[in-house]
Amino acid sequence: MYSAQVLDHFQNPRNAGELPDADITVQLENPACGDILKLALKVSDGVITAARFKAKGCVPAMACASLLTQMLVGRRFEQVRQLQREQLVKAIGGLPKESVHASHLAMDVLNAALKELSGPLEGRAGL
């Protein structure tokens, strides 16, 4: 049912947990299914230097969150803003139709974080 990549990221999540001194922390819930995703980012000079997540939800939600953090670290804001949901789904090995909501939640959290980053933080020294 799930791809090898989904199962791998679920069983061996990357970047799970808290991020002390995060510059941005965003949490969203999917009201339809109850999945919750929290994304924390550290940024320096327009580059995401660290990303962590905490998720409560289905296997694909946790897997998408894990992969998303890997896709963010080391990238400039401009690159991250161009990231498409379809890229996440392809990189995770595809998702069953009933699980596509997991990729939407991951991208919604990312977009909320990017809105925060485009706010007052970009004016701070070092960001």
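Considering only region 28-45, state which residues are surrounded by 15 or more Cβ atoms within 10 Å (Cβ to Cβ) and closer than 24 Å to residue 79 by Cβ.
28, 37, 38, 39, 40, 41, 42, 43
Just for helices (runs of 4 or more DSSP H) wholly inside region 1-92: which have at least 1 residues that are closer than 14 Å to residue 114 by Cα and among the acidic types (Asp, Glu)?
Working: elements: 4-11, 59-72, 77-81, 85-91.
Passing ranges, in order: 77-81.
Every number here is computed from the coordinates shown, using simple stated rules; none is lab data. Because the structure is predicted, anything quoted here is derived from the model rather than measured. No Cβ is skipped: glycine too gets one built from the backbone with ideal geometry, and neighbour counts run over all protein chains shown.
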